[in-house]
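Here the structure is laid out as structure tokens; the discussion comes afterwards.
Readers should treat all values here as calculations from the given coordinates under stated rules, not as data from a laboratory. Small disclaimer: the values here were computed from a predicted structure and weren't measured. With ideal geometry, Cβ positions are generated from the backbone for all residues, glycine too; neighbour counts draw on all protein chains shown.
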């Protein structure tokens, strides 16, 4: 398997709290998707399976995702 294929398959996760119901919700992103969103400065969203709502992740959560990216 090539390095590009390994990187593409890497999953990055965090737990975010739904601002509507207060439940902790695991969020999963592919390495490629989160890297693209962060580089562009695009919003990164969380999703709550209970409320079926999306919300924008905080700066702190975005920094946590960035810290998990392989160098």
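Only helical runs count toward this figure. For the chain, summing -39,500 (n - 2.57) over DSSP H runs of n ≥ 4 and dividing by all residues gives -10500 deg cm²/dmol at 222 nm. Between residue 49 and residue 24, the modelled label-to-label distance comes to 1.5 nm, taking each label 7 Å out from Cα in the direction of the beta carbon.
With respect to the chain, whose longest principal axis is taken over its alpha-carbon atoms, helix 31-40 is tilted by about 80°. Output the 0 to 90 degree angle, nearest 10, between the alpha-carbon long axis of helix 59-68 and the longest principal axis computed from the alpha carbons of the chain. Computed tilt is about 30 degrees. Among the listed options (i) 4.4; (ii) 5.0; (iii) 6.4, the one matching mean projected area of the Cα convex hull in nm² as calculated from these coordinates is (ii).
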